[in-house]
Amino acid sequence: MATPLKSFQDTAYKNAVELLDATHDQLSKLHDERSRDIIVRHNGCLLIEAPTGAGKTLIAGHTAQQFSKGKKIIWFWFAPFSGLIEQSINTIKQEFPGLTVRDPRKDRTINGMQSGDIYVTTWQSVAANNTESRKTRTKSDSALSLDALVPAVKSLGYHVGVIVDEAHHGFKKAPEALSFYQNVLSPDFTIMVTATPKDKDIDTFKQSTGIAEVHKISISRMDCVDADLIKKGVKAIAFLVNDESRAITDFEKTALRSGLEKHHEIEAELEASGFDLKPLMLVQVDSANKDSVEDARRKLIELGMNASQIAIHTADDPDPNLLALAQDEHVHVLIFKVAVALGFDCPRAFTLVSMRRSRDADFGVQVVGRILRVHRLLQCKERPDLLKYGYVVLADYGIQEGLTKAADRLKSIETQLASASKDVGLVVVNGVDVQAQEMRGGQASFWTTPPRPEPVAGWPATHEPSSPQRPAGTPQQITFFDGEIIPPRDTLFAAQPLSQNIQIAGRAYSLRDDLVFPKVLKKEICNADWLEGLAQCITAQINLDGGIMNAAYRRFASATKRTTELFDGVVETEAANADINMKQIAMKAQRTLFGDENISGRTLHDLLIRRLREEFQQKGLIGGASQQELEDALNLILATYPNVLREAKRRCYANFIEAADAAPLPNFLTYDEPLEPARLNLYGVMPPGLTSDEREFALMLDNDTSGDILWWHRNPQSKPYTSSLVMPELRYDYNPDYAVGVRGRKSDDSILMIEVKGTPYLDTPETVVKARAVHKAYKKVAMFHWQDRKTWRLVTNDDKTERNYLDQVYRPSLLATF
């Protein structure tokens with residue numbers, strides 16, 4: 001039974017027929033191809049713009065059906081992708097008895113052709129270089145190719161009409177679609193329908209096809225709401241957590257949990273309100289993640305969804321019965337990637353959980369559109385507010401930007417009707433011949449030539465321009481970059497003669513004998529014989545008291561649930577729980593547990609599991625009975641309180657680290673270029689490779705006049721003679737920038753180790769750890785920062801806040817007692 005048209009749908013389709021009738025009347029009076037092109041360019045293209053659920057398909061179909069009466073017209077209907085061909089065919093057969101569906105794969109003969117025949121296909125099927133395209137565009141024993149069928153039909157006096165669902169998407173995604181549209185179909189009438197029109201896309205389409213005018217029929221969102229075809233609004237739900245919890249929150253599972261809660265709430269409300277309808281929840285996963293479908297399915301089952309009630313449809317594994325899935329009320333959840341986001345008609349969908357990361361407004365319109373439709377059983381029926389809205393639950397709050405833009409675009413569409421162009425008219429030449437002419441100020445322009453379509457960036461060209469061959473050995477043409485002419489790469493890197501003034505020679509700088517200093521520096525080592533005892537010490541020292549043990553039971557993070565009504569902008573917030581991502585928890589815990597080269601992570605893990613089991617037993621706590629429960633508990637503790645392990649390590653390492661001699665300082669160092677002399681450096685030069693801050697600090701040491709600085713040495717990274725500290729928090733040995741001899745300092749050889757830190761790194765976790773460093777032989781390591789590039793200040797660490805702050809101004813006398 002055909003669907004009765006709403007008032008605005010009836011008005012829209014009659015307006016479309018009126019426009020096309022006027023165009024047909026003009027074409028019927030013309031006999032030359034040039035005049036036909038002018039009329040088609042100005043009056044042959046119509047765009048129907050309306051929200052998803054407004055009935056654009058009904059309007060387009062009724063237009064084609066009514067317009068075909070009493071004329072000779074065949075149609076090509078292009079669905080946005082193959083999964084919607086069946087949906088389109090079913091709609092045409094059910095709603096438009098005046099249109100006859102023909103199969104482009106095999107029904108390509110002119111025998112029995114009649115006005116209103118319609119071929120349903122996709123751009124990919126006729127334009128792509130694949131088997132399907134070759135079948136339809138190649139002649140067989142029983143059928144013409146499409147390329148031959150179209151001109152044959154035209155030779156019989158038929159006009160060709162094209163209906164394009166989500167028009168510009170098809171042209172962009174199929175490289176040869178535009179060429180097929182222009183050169184094979186060359187339609188007299190084009191009807192485009194879309195929920196996502198953009199002026200830029202329309203302008204690009206016009207420029208690429210040579211179309212002069214696209215006549216627009218627009219339908220506002222409120223027309224559809226008033227007719228109860230689409231829901232009153234859409235509520236976007238997202239969960240926000242603090243920075244500390246963000247890395248361990250499973251936003252996808254949280255979104256699925258929230259979506260299921262809303263789905264079950266809607267299901268109960270439909271039943272309570274007497275509607276015999278089961279709702280459907282859509283789950284859109286991220287295409288970039290190959291495991292996203294299975295991950296979503298697994299989490300849904302963990303949340304209590306029956307596996308038999310979950311269906312899957314993706315481009316990789318399409319379900320041929322997609323439309324049956326939409327109507328099968330045994331299916332409660334449909335997981336998909338992108339495919340059903342475009343044009344999929346499922347009015348029983350109230351809730352959509354989106355895990356995609358796109359913030360694009362077009363994507364937002366499609367997402368919103370999947371849950372906007374009002375099911376026929378509910379239309380114009382009294383129902384509670386819960387059933388008047390659609391619900392989008394976001395795994396990423398950032399997605400809301402695209403949804404908000406989509407809502408703004410849908411709100412901005414105002415109802416308007418189309419009228420024939422005033423820029424074209426028919427004139428009689430020599431009192432006999434009727435020709436079409438473009439009008440300027442109401443006057444015909446007899447010498448106007450239709451412009452040649454030009455390729456546009458991002459759209460396929462309709463022809464391939466020939467490229468002249470570059471003779472062998474000819475340099476490539478120059479490249480323009482920001483207005484600058486850049487020579488070809490082969491000339492840019494061509495061998496150039498060296499200047500005669502440039503000399504490259506090595507130079508050796510000897511260790512000085514006029515300063516008093518140790519020829520061997522001390523480094524920290526962790527004795528291999530102590531390693532088992534170190535792991536046992538850490539296990540005994542780790543604090544598992546009070547709230548730390550409570551973390552073992554943690555499964556949720558505190559969150560704020562933010563609900564935004566997309567069309568009126570009303571925002572509601574409430575406290576909520578967000579699911580903990582146990583996979584992320586485990587990974588975070590492993591990073592805390594492993595990576596210390598001095599301790600076997602596996603040994604420490606096993607000892608901690610044993611300690612944790614004892615704690616559960618001694619405290620009489622429920623849980624920890626199984627190995628997996630113990631593993632989860634340990635991961636949660638280490639991920640939530642990583643400092644408990646670090647503090648235990650710090651206390652134990654103090655007893656397991658000793659100072660030992662590094663390799664002797666080299667007798668000389670060799671550099672390729674001459675170096676600037678330095679008064680107090682051990683090699684008498686300013687070392688190369690210093691940052692600007694490090695160089696300024698070295699100059700300050702070298703220019704000391706107080707007598708407190710005896711000598712200084714650039715402590716290199718990871719050399720056999722480097723002075724280093726064992727720091728388990730860093731997972732590598734720490735090599736401070738400078739070793740400095742300080743008069744009166746109470747340390748081995750009166751040495752102070754100094755680190756220089758610039759602004760970007762002053763408060764990083766790594767720098768915080770370094771600011772607490774204490775060398776076994778040389779005592780506390782000093783860290784300095786050049787504040788505003790004016791004043792050198794000591795960097796001190798606050799153990800309570802674990803942050804660095806700037807302390808005293810540098811004075812040479814400060815170093816002896818630091």
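The values are calculated or read from the model by the stated rules, or taken from the named source; none is laboratory data. No experiment lies behind these values; they were computed from the predicted model shown. Here the Cβ is made from the backbone with ideal geometry for all residues, glycine too, and neighbour counts use every protein chain on show.
Summary of computed values
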quantity: Condition broken by Phe78, with the remaining ones in (1) closer than 25 Å to Leu417 by Cβ; (2) surrounded by fewer than 21 Cβ atoms within 10 Å (Cβ to Cβ) satisfied; calculated: (2)
quantity: Residue among Ala648, Ala633 that is touching a Gly at 6+ places or on another chain (Cβ under 7 Å) and not polar (S, T, N, Q); calculated: Ala633
quantity: Subset tally (residues that are of a type in the set (Gly, Ala, Ser), assigned to a helix (DSSP H, G or I) and touching a helix residue (DSSP H, G or I) at 6+ places or on another chain (Cβ under 8 Å)) for region 639-661; calculated: 2
quantity: Ile310 over 30 Å from Phe567 (Cβ atoms), hydrophobic (A, V, I, L, M, F, W, C) and touching a Leu at 6+ places or on another chain (Cβ under 8 Å); calculated: yes
quantity: Single condition Ser68 does not satisfy, out of (1) in contact with a Phe, Trp or Tyr (Cβ under 7 Å, 6 or more places away or on another chain); (2) among the hydroxyl-bearing types (Ser, Thr, Tyr); (3) under 22 Å from Val126 (Cβ atoms); calculated: (1)
quantity: Search result, residues across region 624-638 that are modelled with pLDDT under 85 and either loosely packed, with under 13 Cβ neighbours inside 10 Å or closer than 30 Å to Val768 by Cβ (or both); calculated: Ala625, Ser626
quantity: Of all residues in region 336-386 being among the hydrophobic types (A, V, I, L, M, F, W, C), outside any helix (DSSP H, G or I) and within 20 Å of Glu86 (Cα to Cα), the one that is modelled with the lowest pLDDT; calculated: Leu342
quantity: Considering residues of region 125-153 that are basic (Lys, Arg) and surrounded by 16 or more Cβ atoms within 10 Å (Cβ to Cβ) only, the residue modelled with the highest pLDDT; calculated: Arg137
quantity: Test: residue in region 295-302 that is part of a loop (DSSP other than H, G, I, E, B), surrounded by fewer than 20 Cβ atoms within 10 Å (Cβ to Cβ) and in contact (Cβ under 8 Å) with a residue 24 or more places away in the chain; calculated: no
quantity: Test: residue in region 769-792 that is in a strand (DSSP E or B), of a type in the set (Ser, Thr, Tyr) and over 18 Å from Ala816 (Cβ atoms); calculated: yes
quantity: The one condition in (1) without any contact (Cβ under 8 Å) to a residue 60 or more places away in the chain; (2) part of a loop (DSSP other than H, G, I, E, B) that Arg731 fails to fulfil; calculated: (1)
quantity: Of the criteria (1) in the same structural domain as Arg370 (by TED's automatic domain parsing); (2) within 30 Å of Arg36 (Cβ to Cβ); (3) of a type in the set (A, V, I, L, M, F, W, C), which one Phe239 fails; calculated: (2)
quantity: Residue count for region 767-783, restricted to those that are of a type outside the set (Gly, Ala, Ser), under 45 Å from the mean Cα position of the chain (by Cα) and modelled with pLDDT of 95 or more; calculated: 2
quantity: Pairs where the first residue, in region 599-618, is not assigned by TED's automatic domain parsing to the domain that holds Val726 and of a type in the set (Gly, Ala, Ser) and the second is surrounded by 16 or more Cβ atoms within 10 Å (Cβ to Cβ) and part of a helix (DSSP H, G or I), C-beta under 8 Å, 6+ apart; calculated: Ser600/Ala535; Gly601/Leu593
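Residues checked against (1) assigned by TED's automatic domain parsing to the domain that holds Ala739; (2) among the basic types (Lys, Arg); (3) not in a strand (DSSP E or B):
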{"residue": "Asp513", "(1), (2), (3)": "no, no, yes"}
{"residue": "Phe517", "(1), (2), (3)": "no, no, yes"}
{"residue": "Ile538", "(1), (2), (3)": "no, no, yes"}
{"residue": "Asp545", "(1), (2), (3)": "no, no, yes"}
{"residue": "Arg562", "(1), (2), (3)": "no, yes, no"}
{"residue": "Ala575", "(1), (2), (3)": "no, no, no"}
{"residue": "Ile585", "(1), (2), (3)": "no, no, yes"}
{"residue": "Gln590", "(1), (2), (3)": "no, no, yes"}
